[in-house]
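To start, the structure under review is shown below, and the notes come after it.
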Amino acid sequence: MSWIEEIEVSKADEKLAEIYSALIEQRGKVSNILKVHSLNPAAMGNHLELYMTLMFGKSGLSRLEREAIAVVVSANNDCAYCVNHHAEALRHYLKDEDTVNLLMAADGLETLEPRLSNIVRHAEKLTTAPGAMTESDLGELRAEGLSDNDILDLTLIVGYFNFVNRIAMGLGVEFTEDELGGYLND
C-alpha cells in the first residue's frame, strides 16, 4: 500500500523471504512501512534492527515514553501512518485516551506530568526547530532524572521518527485498520 512496487510475502525469495519470516515470527505480521522496503532487503533488515534497538532495547526511557516520542514527532510531521501506529501501541501503556489524543495532536504538552512533558516537548523542538537547540535544553531533561544515555536514546528516537516519517510520506505508505492492531511484542 504505497506509491511504489512492493514484493508480497508469497513472492519473496532468499533474503527478503528470511526477513519476512522473521518479522511474522517476531511481530505477527509485516507492517506496510517495512514492506515498502521490499525492493531493498538489506535496507529493510537494517531499518528493522534500528527500530527494534531504539523501541525495544535496554533504555532508561520507558516503552510509554518511547511511544509518546514517536507519536509527537509524527504528529509534528503530519505523518498519519506513524501517528496512528504508535498511538495504538501507546494505548497498551497509557490507559488515558484524553492524554493519547493530546499526544496525537501534539498540543497541550506542557500539561502532562513533568518528566513526560519535558521529554515530548524536547522531541517536538528537535523536530520542528533543530537549529534552535542549545545545551541548556539538556539541563531540563537532566532535572527530570534523565541520564546522558537516556538523552542519547531520546535524540536517536526523534531522529529515527523524522527519518521514517519521510519514508512513509514520501512513498505514500498508508495504514489500514487491520494493520494497526494485533502486533506481537508491542
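Numbers at a glance
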quantity: Full-stretch length increase - GLU177, ASN149 - with 0.36 nm per residue and alpha-carbon distance subtracted; calculated: 6.5 nm
quantity: 10 °C / 1.306 mPa s Stokes-Einstein diffusion coefficient of region 63-164, Kirkwood radius on C-alpha pairs, µm²/s; calculated: 119 µm²/s
quantity: Fully extended contour minus Cα-Cα distance, from ILE7 to ASN40, at 0.36 nm per residue; calculated: 10.9 nm
quantity: Axial C-alpha extent at least 30 Å, average Kyte-Doolittle at least -0.5 - helices from the chain (DSSP); calculated: 148-170
quantity: Filter on LYS15/LYS95; LYS29/LYS58; LYS95/LYS125; LYS15/LYS125 - keep pairs with C-alpha separation over 29 Å; calculated: LYS15/LYS95; LYS15/LYS125
quantity: Cα Rg, Dmax (largest Cα-Cα span) when computed across the chain, Å; calculated: 16.6, 52
quantity: Pairwise centroid distance, computed over Cα atoms, of region 127-172 with region 16-58, Å; calculated: 22 Å
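No value in this document is a laboratory result; all are computed from the given coordinates. Being a predicted model, the structure only gives us computed values, none of them experimental.
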